[in-house]
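A.B. asks: One structure, as structure tokens, below. Some questions next.
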Amino acid sequence: MLGRIFRWGVFLTLIGLGVYWFITIPKTVSDEQLAGLSSSSEDGEQVFHAAGCASCHAAEKAEGDAKLVLAGGQRFPSPFGTFVAPNISTDTSHGIGGWTQAEFVSAVVQGTSPEGQHYFPAFPYSSYAKMTLQDAVNLHAYMQTLPSDATPNAQHDVAFPFNIRRNIGGWKFLFLSEDWVSDANTPELERGRYLVEALGHCAECHTPRNALGGLDRARWMQGAADPSGKGRIPGITPAQLGWVAADIAEYLKSGFTPEFDTAGGHMVAVVENTAKLPPEDRAAIAAYLLALP
């Protein structure tokens with residue numbers, strides 16, 4: 001009897017390990033999927049600003065043109081450990097200068113490194129997963145025009161078991177989705193949804209997370225605890241914000257609120273990015289936010 005139980009235990013364990021191994025396989029984007037897509041660095045610049053790449057990957061306290069030197073090094077504390085933004089400059093040793101187009105796109109929309117490892121979801125690929133392949137290709141083209149920097153990458157400070165990269169495949173299985181959260185029945189709302197839910201990854205800060213770090217879609221944009229453990233990030237639903245479309249668009253351009261206050265904290269960098277977008281994109285973001293429940 002005990003032998004039979006043992007054999008069944010071994011059998012079920014092997015089945016479980018097989019399922020675990022299968023669902024945690026890192027996914028990539030192939031060259032064939034990108035075939036026929038021509039790249040535009042000019043269009044990629046708009047994607048770069050909308051996606052806020054410099055906000056995390058520029059050196060801490062960098063200003064002006066120095067923000068285009070994506071040397072990394074900024075630290076982001078969280079309940080799971082402290083993550084360090086990597087060097088994504090065009091340096092071929094410490095940056096991404098040696099990556100192929102497919103490797104770059106795989107990193108952005110699938111969270112998979114050129115070595116075939118999962119990136120930690122502090123990199124907001126769970127939002128970028130909704131990015132079009134065309135925009136990802138254009139982003140790669142633009143980033144190839146940026147300066148090179150040879151700053152070595154620092155290691156993340158993440159404790160066991162969260163430092164096991166293979167386990168992130170399970171996190172992706174649960175939380176990585178290309179499905180939109182909200183409906184969009186006009187071209188403006190569709191554009192706003194794309195900018196907010198995909199490129200701008202606004203929910204990564206403004207939406208609460210569950211115990212495993214996945215976004216709680218039932219409380220979309222309703223505000224969340226700051227990952228550092230200090231303070232709270234405000235909700236930006238219509239009832240919580242209380243602004244009209246013109247107020248939101250102006251805030252995204254100048255950082256000034258209707259109450260004559262100014263953007264602070266991480267929103268300063270966000271406004272620096274959204275100010276570079278066309279006025280119709282800021283209007284689309286406003287329309288999306290005002291259409292939220």
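The values are calculated or read from the model by the stated rules, or taken from the named source; none is laboratory data. Note that the structure is a prediction, hence the values are computed from the model and not measured. Note that we place each Cβ from the backbone using ideal geometry, even for glycine, and neighbour counts take in every protein chain shown. SASA here: full protein model, heavy atoms, side chains in, ligands and nucleic acids out. Shrake-Rupley method; radii C 1.70, N 1.55, O 1.52, S 1.80 Å.
A.B. asks: Under the rule a/c < 1.5 gives rounded, and otherwise a/b versus b/c splits prolate from oblate, where does segment 229-270 land using the Cα gyration tensor?
C.D. replies: oblate
A.B. asks: So if we plug the beta-carbon distance of D261 and E32 into 1/(1 + (r/R0)^6) with R0 = 45 Å, what FRET efficiency do we get, rounded to 0.05?
C.D. replies: Taking R0 as 45 Å, the efficiency between D261 and E32 is 0.35.
A.B. asks: Of C53, C202, which has the most accessible area and how do the rest follow, probe 1.4 Å?
C.D. replies: Reading off the accessible areas and sorting them downward yields C202, C53.
A.B. asks: Which FRET efficiency value, to the nearest 0.05, is calculated for R219 and L290 with the Förster distance at 22 angstrom and r the Cβ-Cβ distance?
C.D. replies: Taking R0 as 22 Å, the efficiency between R219 and L290 is 0.75.
A.B. asks: Right, something else. Of the accessible area of the chain, with the probe set at 1.4 angstrom, what percent is carbon plus sulfur?
C.D. replies: In the chain, the share of accessible area belonging to carbon and sulfur is 59 percent.
A.B. asks: For the chain, what is the mean residue ellipticity at 222 nm derived from helices alone (per DSSP H run of n ≥ 4: -39500 (n - 2.57); sum divided by total residues; nearest 500 deg cm²/dmol)?
C.D. replies: Helix-only estimate at 222 nm: -11500 deg cm²/dmol.
A.B. asks: With every protein chain kept in place and ligands, DNA and RNA left out, what is the accessible area per residue of segment 50-121? Probe 1.4 Å, answer in Å².
C.D. replies: Roughly 41 Å² per residue, with all protein chains present.
A.B. asks: Which order do Y20, Y251, Y288 take by accessible area at a 1.4 Å probe, largest first?
C.D. replies: My answer, sorted largest first, is Y20, Y251, Y288.
A.B. asks: Let me check I've understood the local charge: for F83, count other residues with C-beta under 9 angstrom from its C-beta, Lys and Arg +1, Asp and Glu -1. What total comes out?
C.D. replies: Every neighbour counted, the sum reads 0.
A.B. asks: For the charge dipole of segment 140-221, defined by +1 on Lys and Arg C-beta atoms and -1 on Asp and Glu C-beta atoms about the Cα centroid, which residue among L212, P152, H140 has the Cα displaced farthest towards the positive pole?
C.D. replies: L212
A.B. asks: Highest GNM mean-square fluctuation, the chain, Cα pairs closer than 10 Å: which of F260, F80, F173?
C.D. replies: Result: F260 has the largest fluctuation of those listed.
A.B. asks: Sticking with this structure for a sec: How large is the charge dipole for the chain, taken about the Cα centre, if only the Cβ atoms of Lys, Arg (+1) and Asp, Glu (-1) carry charge, to the nearest 20 debye?
C.D. replies: 1440 debye
A.B. asks: Now a separate question. Lysine pairs in the chain with Cα distance under 29 Å, only those 8 or more apart or on different chains: how many are there?
C.D. replies: So the count of such lysine pairs works out to 15.
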